[in-house]
1. Going by what's in this entry, would residue A:261 be described as out of contact with any strand residue (DSSP E or B) (no Cβ under 6 Å at 6 or more places or on another chain), in contact (Cβ under 8 Å) with a residue 40 or more places away in the chain, surrounded by fewer than 19 Cβ atoms within 10 Å (Cβ to Cβ) and within 30 Å of residue A:401 (Cβ to Cβ)?
2. Let me confirm something: among A:31, A:85, which residue is in contact with a helix residue (DSSP H, G or I) (Cβ under 9 Å, 6 or more places away or on another chain) and closer than 13 Å to residue A:420 by Cα?
3. Would region A:102-112 turn up any residue that is part of a helix (DSSP H, G or I), within 19 Å of the chain's Cα centre (by Cα) and within 29 Å of residue A:408 (Cβ to Cβ)?
4. Specify which of the listed residues (B:91, B:124, B:105) is free of Cβ contacts under 8 Å to residues at least 40 places away in the same chain, more than 29 Å from residue A:151 (Cβ to Cβ) and either in a helix (DSSP H, G or I) or out of contact with any strand residue (DSSP E or B) (no Cβ under 9 Å at 6 or more places or on another chain) (or both).
5. Assess whether residue B:73 counts as being surrounded by fewer than 21 Cβ atoms within 10 Å (Cβ to Cβ) and either closer than 12 Å to residue B:13 by Cα or more than 10 Å from chain A (Cβ to nearest Cβ) (or both).
6. What number of residues in region B:38-62 are within 7 Å of another protein chain (Cβ to nearest Cβ) and under 25 Å from residue B:142 (Cβ atoms)?
7. Quick check on my filter: what residues within region A:337-361 are under 23 Å from the mean Cα position of the chain (by Cα) and touching a residue at least 40 places away in the same chain (Cβ under 8 Å)?
8. Taking the options A:94, A:68, name whichever one is surrounded by fewer than 24 Cβ atoms within 10 Å (Cβ to Cβ) and in contact (Cβ under 8 Å) with a residue 60 or more places away in the chain.
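The values are calculated or read from the model by the stated rules, or taken from the named source; none is laboratory data. Model, not experiment: these values are computed from the prediction. Note that we place each Cβ from the backbone using ideal geometry, even for glycine, and neighbour counts take in every protein chain shown.
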């Protein structure tokens, strides 16, 4: 029935996706002008801070290469310390980008159009940060090519029955596909930048990267087919990536890791943390570039907060399941793990996790909080911290006291652990600001298509909402 | 041939429209008038436009499908060949051909190859990286990426006749009709 198909768009009538009077010209101008004009002082400051972080990352890695992973706090029994925690944390953050760009596209959620470009950029930079950690955790990153099936003088092949090897394939595929998907969506917008360029340099550079795109209908058709197919491929891909990451744990017999709930629970956690990071970034970027506020409205922010609330509950359900299964397994080691999480030496991490991920996000039930940018910003940071703590709890608490009491130990991160971790955040910030400087931050073509479909699609167009007969170009949003 | 010797070589005639609806109508009528070598230019994808133009094509989906299939077969074969034939390793007493363990990488290989197929397939069929194209010679064509909608009937169309085609395009009520020099 037609009514069911139209439902989301009727809803959008009540919650406009655009603010202010819009038309094709304005949407294009507002977004493509940002990279072409002078940037606010805050950009320079933030980029500078990020640049310091990125420089510090290079130094941290150089120091690590000189001295080896003995600089870190990892030991026996806790061989997976900060590196794997940070790896899972960053990869999880990346997943919201793919969720927004691919899954919400397939679900025909029109509100994704304003945030997909931004979130995909976040994905790419987060995966870059993620990849560093396992690479350097190998201890000898210069032979990391052994992880790939490249014929070599040892006549050895990777061990394809190991989830760690699956990880290599999953993460590298994920990165590659994310870049392709992102660039695919970017090409028509780079052509817009080329056509509107104010200087020769802008025209040439954007023109080169636009690959000669000329807005042909036949090209658009193939572009759309490929875009939809890439979304269809990315959707199972993103689920597979974090499922495989969780199998790194679940395939072992370590107490607390050998749990069948891990794959869906990890995926939900990834989306939870990813949406938190999108909010952490979008809120200041909206202030820094007020033009974005016309397209990333308070409704978008509200929906992102709701997704965060929902996935937060899935994650919390995961925690409850872990506790229940720990008890119900009847295995003393699993039961001990639950008690050890509650009252063991790392109890502050566990209870802080429950506070950050379980209790504090509940204020998002209140519409007032969801419309308070400062509150949302703080909550999103708390969730980011909470999701980091979750990985700390899973990795360190399980490893530090497993079966034999004689093999128990403690793990304390060192200065070098923190140095490397905080530096990757700096690198991430720098990359986000580089992105904002040179690339249209929102998907212009997709926004215009959406605007046409929602507010301008009279004349009995198939997708036009029946109640929206607003032929005037300034009819958008009110 | 239709054009006289004195005329410069012509790529085609281009008509400019203000709204997607007008363009859809124009595309349909161009098609109905018997033209086959023409293209539309729009700032964003318009649903139903290629249908109105009479263009039907599934090259990209087929490319993606075949690439995905080859990727899956390739990744699975790679794992079987290395783990069973070339360097058999006993991992925890599992069968050498422990195929369930090969599923994740088979899947990733499928996705990777299919994504490459989608990206490069699209751009190869679109002849991307050809930075020069006659349509860029039209001054108002820059607006094709902002807010104008164009139809261009190409001179290689057997039905193309400079004057008749010009009159035909004028009958579609465009904002303008211009020549596109080669």
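1. Numbers: out of contact with any strand residue (DSSP E or B) (no Cβ under 6 Å at 6 or more places or on another chain): yes; in contact (Cβ under 8 Å) with a residue 40 or more places away in the chain: yes; surrounded by fewer than 19 Cβ atoms within 10 Å (Cβ to Cβ): yes; within 30 Å of residue A:401 (Cβ to Cβ): yes.
Spelling it out, residue A:261 is indeed out of contact with any strand residue (DSSP E or B) (no Cβ under 6 Å at 6 or more places or on another chain), in contact (Cβ under 8 Å) with a residue 40 or more places away in the chain, surrounded by fewer than 19 Cβ atoms within 10 Å (Cβ to Cβ) and within 30 Å of residue A:401 (Cβ to Cβ).
2. Working: A:31 fails: closer than 13 Å to residue A:420 by Cα.
Answer to the check: A:85.
3. no
4. Values: B:91 fails: more than 29 Å from residue A:151 (Cβ to Cβ); B:105 fails: more than 29 Å from residue A:151 (Cβ to Cβ).
Of the residues listed, the single one that is free of Cβ contacts under 8 Å to residues at least 40 places away in the same chain, more than 29 Å from residue A:151 (Cβ to Cβ) and either in a helix (DSSP H, G or I) or out of contact with any strand residue (DSSP E or B) (no Cβ under 9 Å at 6 or more places or on another chain) (or both) is B:124.
5. Numbers: surrounded by fewer than 21 Cβ atoms within 10 Å (Cβ to Cβ): yes; either closer than 12 Å to residue B:13 by Cα or more than 10 Å from chain A (Cβ to nearest Cβ) (or both): yes.
Yes.
6. 12
7. Applying the first criterion (under 23 Å from the mean Cα position of the chain (by Cα)) to region A:337-361 yields A:352-361.
Correct list: A:353, A:357, A:358, A:361.
8. Working: A:94 fails: surrounded by fewer than 24 Cβ atoms within 10 Å (Cβ to Cβ).
After ruling out the rest, the residue left standing is A:68.
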